[in-house]
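Read the structure below first, then the notes.
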Amino acid sequence: MKPGSTLAACTALVRRDLTLVWRRRGDAANPILFALIVVALFPLALGPEPEQLRRISIGVVFVAVLLAGLLALDSLFRADWEDGSLEQLVLSPHPLSLLLACKIGVHWATTALPLILVSPLLGELLHLDPALRWLLPSALLLATPLLSLLGAVCVALTVGMRRAGMLLALLVLPLYVPVLIFGAGACDAAQAGLPFLAPLLWLGAALALALVLAPLACAAALRISLS
Amino acid sequence: MNAFMLWFHRMGSPPTAYRIAGRAVPWCYGLGLVLAAIALYGGLVLAPRDYQQGDAYRIIFIHVPCAWMSLFAYFFMAANAFIALIWRIKLSEVLAMAAAPAGAAFTFVTLVTGSLWGKPMWGTWWTWDARLTSELVLLFLYLGVIGLHAAIEDRRQAARAAGFLALVGIVNIPIVHFSVNWWNTLHQGSTVRLLGPSKIDASMAWPLLLMALATHVWFFGSVLARTRNGLLELDAGKDWVRAIALAERTRGGD
């Protein structure tokens, strides 16, 4: 690997981001705790009847993961914006979209992947159908990268704003609607004994498209916000 | 530079656009009002009662044109945002952002009139029908664009960021519509549909089309009026704005 090459830059960026997360590993647990608490609120509000909880379990887990991801989105560029390294990224000679894709990838792996790992536990809390124990994480595995990629485009637009939280939710959530419908829809169909492969394939297709296009859009958005 | 390009550049310059928009606004509003009044008379008085829905169907003379406009305004906004982002034309930035509140208003009216119609017809104010849900998401997209535009201090940067969001949203609209359609049909087979435009009788069709024309004209009036304000705000401190402000002051406060 030649120093100064694009590959070296990407590796350095990934290593740096991972190190930063590792130095503050306590923060990495926050999305999990948030999702856990949100899921725990539903039995408290709706009553503990297993049948009722089973019926809503998929939707609740999906929405909890989605909201946890939304809260975590803010940290994608926040620290880099504050210490100025984001501008250095934009100024670097390497393709910005590729660098951003690395950043989004690391962010996904450190915020969404742990959520997917605990999603069977979240489902168990709501008496999820045992047959869906593996389908739910697989659907999340396809859906959460899409959420991260779409979210990154919107975060790039709000970077540098002091209070972006509520605005970010307003920008991001309409874009999340199809992902939620297909992801939760696949699991719902499986629970009802219907074929569930088609929505998962749609999610996969959307993910393939977003993997290529979202980093480009994210780079364009970031250039607008930093101009 | 040929005459067309000259004309094009002159139209795009804020002072000229401000002047021409100022001349067009009263015409747009006036024509819109007259057309809407004729269409309302035709729809509410002349058109026959529906054999099934009675008089309640007459709300479509507001509802359907507004629903068309909610999409048209979005396309107008996105097209202008595209022009603004690619060719950096100031006027397009202002036009795109002026279309957002008007489009949001049309979407809101669509939702409100739809639920007013739904209460006597379906027995409920709201149902998670595919069209209703996509219209609601469209409203959220509009509000997102308006919110982002309001949140950024620098006006040109705000317009570019919000315009970019509008373009991301236009990719999203068909996907949302398709996915919501799929989601709905998975759960319940058939849903109540509005009258198809092809199945509508001519006595009901002409007020509908006239109203659609009226809403278009009104929309352009509203967009141009907002554009004038946007141009003044954007160019505040420029000479032509100062001249207008001074003229206003000498005319208003003596």
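All of the numbers you see were taken from the coordinates with simple rules; none came from a lab. Everything quoted here is computed from the prediction, not taken from an experiment. Every residue, glycine as well, gets a Cβ built from its backbone with ideal geometry; the counts of neighbours run over all protein chains shown.
Some values worked out for this structure:
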item: Cα gyration tensor shape of the protein assembly as shown, rounded if a/c is under 1.5, else prolate or oblate by comparing a/b with b/c; result: oblate
item: GNM top mover of A:Asp17, A:Asp129, A:Asp83 - chain A, alpha-carbon springs below 10 Å; result: A:Asp83
item: Inter-chain shielding of A:157-166 (mean C-beta neighbours from other protein chains, 10 Å cut-off); result: 3
item: Sorted by Cβ neighbour density within 10 Å, fewest at the top, the residues A:Phe77, B:Phe219, B:Phe108; result: B:Phe108, B:Phe219, A:Phe77
item: Mean shadow area of the range A:75-126, taken as a quarter of the surface of its Cα convex hull (nm²); result: 4.4
item: Distance from the range A:1-76 to the range B:106-146 (C-alpha centre basis), Å; result: 32
item: Prolate/oblate/rounded label for the range B:1-74 (Cα gyration tensor, a/c 1.5); result: prolate
item: For A:142-154, mean number of other protein chain Cβ atoms within 10 Å; result: 1
item: Residue exposure sequence - B:Phe106, A:Phe196, B:Phe220, B:Phe8 - by fewest surrounding Cβ within 10 Å; result: B:Phe8, A:Phe196, B:Phe220, B:Phe106
item: B:Ala24 paired with B:Ile38, simple spin-label distance in nm, labels 7 Å along Cα-to-beta-carbon; result: 2.1
item: Evaluated at q = 0.12, 0.16 Å⁻¹: base-10 log I(q)/I(0), Debye formula over Cα of the range B:26-231; result: -0.68, -1.08
item: Per DSSP, loop trypsin sites (Lys or Arg not before Pro) in the range B:76-133 with at most 15 further Cβ within 10 Å; result: B:Arg88
item: Proxy reagent accessibility, fewest Cβ within 10 Å first, across A:Leu157, B:Leu111; result: B:Leu111, A:Leu157
item: Anisotropy class of the range A:1-95 from Cα gyration tensor, a/c 1.5 cut; result: prolate
item: Cα-based convex hull volume of chain A per residue, rounded to whole Å³; result: 126
item: Karplus-derived HN-Hα couplings along the range B:128-139 (A = 6.51, B = -1.76, C = 1.60, θ = phi - 60°), whole Hz, x at Gly and Pro; result: 7, 6, 4, 5, 4, 5, 5, 5, 5, 5, 4, 4
